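Here is the structure we will look at, set down as structure tokens.
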Amino acid sequence: MKRFTWVIFSVLIIVISSILPLSFTKAAQADAGKSPLEELINGADSVVVGTAVERSSYWNDEHTRIYTSVVLSVEERLKGMASQDKIIVTLLGGEVDEIGEWVSDMPSFDKDERIVVFLKKLSKAQLPKAKDSKLQLTEEQFEVYGGFRGKFTITRDKVGDLPLAKFKERVNQVLKGQVLSDEELDIPLSVATSPYSYSGLSWPHPPAPLVDYRINENCADCTGEGAAVQAAAATWNAAGASFSFSYAGTTTATTYSQNFVNEILWRNLGSGPTIAVTHIWYYPSNNNIVECDMEFNDYYTFSTAVIPPSGQYDVQTIALHEFGHYLMLNDLYDPADSAKVMYGYGSPGTTKRA
């Protein structure tokens, strides 16, 4: 989403680099043992080549979430049994009724964009309950496995610098169980690799924005998660910019919704590679943010220990990264950016709190 406006760039530049050289391995966030491409291929139900031919954004029936459904014209199936020539890919986020929802790990689809996409079929319980979509929504709908990591744009018959035919060959090799080198599995993502990247929405200003937030300490794995989140917010506050987060107390919310309250909570988001996700609500007319909600994926195990045990994610580290999304900083995926707060890959058992 390319939206640019006048925001306090000092906080973006000052805090984006970490002062601690901690090792976040180059792996999908929730699966530190595999390469991103290998994890996507093995984790997805279907892998298809196709073109986005239609899309529609709409509220759910409760008017608490926005969905966008994309009709994908299928050109080729590399994996799975997506049965139709046209399939529906449904995403969180979009713009409806003069308000928008931006979700930190969701890809976007442009009309007539040609792509390779890794898909998971939505269960009946996961299907959006919505009567307002302009599309004919069927019971066979898919989500993008791995968020924006699972979507690759095809430009002039290439995925990045790799010919599409070679990309498909590597997918097929992994499906056949062949062992590929790390170099062969390293396919650049179609996302930011610059020293910092900013998505363009901002909190209303001037004067200096003060953004309050509430926490539901409902993590099943540890205690002290509220204090760990507050410590992450305090780190951003100490950056020297005219911006601050302010703890406003607790909330009983167990899921995110559009209610003009910035809420932080734990919820089981499933076994995909997402550790946490930020939902940002904004007015498209002026690009002003009106609400941010942060969800930790309670499918995984979290810790507030000084050094988290192996297999457990550090609450403060993950919150520090997600608060960067509150400021509309994008994830980074160049290995040269691995020491930075906004580097998009994380590992259990490690910390990055500066």
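What is the antiparallel percent of DSSP beta bridges lying wholly in the chain, to the nearest 5? Show your work: numbers first, answer last.
Working: 52 of 69 bridges.
Given both bridge residues lie in the chain, the antiparallel proportion sits at roughly 75 percent.
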Open item on the list: Bins of 10 Å, beginning at zero and ending with the bin holding the largest distance: percent of Cα pairs per bin for the stretch 72-161, please.
Closed with: 14, 47, 33, 6, 0
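Taking only the Cα atoms of the stretch 114-253, how large is their convex hull per residue, in Å³?
Details: hull volume 37.1 nm³, N = 140.
Hull volume over Cα atoms, normalised by residue count, gives 265 Å³.
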Task: Accessible area per residue, Å², the chain with all protein chains present, probe 1.4 Å - done: 43 Å²
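Of all alpha-carbon pairs in the stretch 199-264, indicate the percentage at a distance above 14 angstrom.
Working: 1372 of 2145 pairs.
The answer is 64 percent, as a whole percent.
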TODO: Can you tell me the 0 to 90 degree angle between the C-alpha axis of helix 225-237 and the longest principal axis of the chain, rounded to 10?
DONE: 80 degrees
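In whole percent, what relative contact order does the chain give with Cα contacts below 8 Å and a gap of six or more residues? Could the numbers behind the result be given before it?
Working: 795 pairs, mean separation 79.3, N = 354.
Relative contact order, the chain: 22 percent.
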- [ ] Over 40 Å, how big is the tail of the calculated P(r) for the chain, in percent of all Cα pairs?
- [x] 10 percent
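Before rounding to the nearest 500, sum -39500 (n - 2.57) across all DSSP H runs of length at least 4 in the chain and divide by the residue total; then give [θ] at 222 nm in deg cm²/dmol.
On the way: 6 runs with 56 residues, N = 354.
Theoretical 222 nm ellipticity from helices: -4500 deg cm²/dmol.
Semi-axes of the equivalent ellipsoid for the stretch 213-354, please: Cα gyration tensor eigenvalues, times 5, square-rooted, ordered largest first, whole Å.
Numbers: eigenvalues 95, 69, 46 Å².
Sorted largest first and rounded, they come to 22, 19, 15 Å.
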TODO: Note down the magnitude of the dipole of the stretch 97-236 about its Cα centre, charges +1 on Lys and Arg C-beta and -1 on Asp and Glu C-beta and zero elsewhere, to the nearest 20 debye.
DONE: 540 debye
Task: Total charge dipole magnitude, the chain, about the Cα centre, Cβ charges on Lys, Arg, Asp, Glu only, Debye to nearest 20 - done: 440 debye
Task: Antiparallel DSSP beta bridges within the stretch 249-331, percent to nearest 5 - done: 55 percent
Open item on the list: For the pairs Lys79/Lys120; Lys79/Lys176; Lys151/Lys340; Lys79/Lys111; Lys79/Lys121, flag any whose C-alpha to C-alpha distance is greater than 22 Å.
Closed with: Lys151/Lys340; Lys79/Lys111
- [ ] Taking the chain as the reference, fit the longest principal axis to its C-alpha atoms, fit the long axis of helix 164-175 to the helix C-alpha atoms, and give the angle between the two in degrees, 0 to 90, nearest 10.
- [x] 80 degrees
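Please report the carbon-and-sulfur percent of the accessible area for the stretch 190-348; probe 1.4 Å, protein heavy atoms only, DNA, RNA and ligands left out.
51 percent
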Open item on the list: To test your reading of the geometry: what angle, between 0 and 90 degrees and rounded to tens, separates the Cα axis of helix 315-326 from the longest principal axis of the chain?
Closed with: 80 degrees
- [ ] Taking the Cα centre of the stretch 209-326 as origin, work out the dipole magnitude from +1 charges on Lys and Arg Cβ and -1 charges on Asp and Glu Cβ, in debye rounded to 20.
- [x] 140 debye
Task: Charge-dipole axis of the stretch 143-281 as Lys and Arg at +1 and Asp and Glu at -1 on Cβ define it, positive-most pick from Tyr247, Ile187, Ile275 - done: Ile187
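The values are calculated or read from the model by the stated rules, or taken from the named source; none is laboratory data. Model, not experiment: these values are computed from the prediction. Positions of Cβ are backbone-derived with ideal geometry, glycine not excepted, and every protein chain shown enters the neighbour counts. These accessible areas exclude ligands, DNA and RNA; they are computed on the full protein's heavy atoms, side chains included. Shrake-Rupley method; radii C 1.70, N 1.55, O 1.52, S 1.80 Å.
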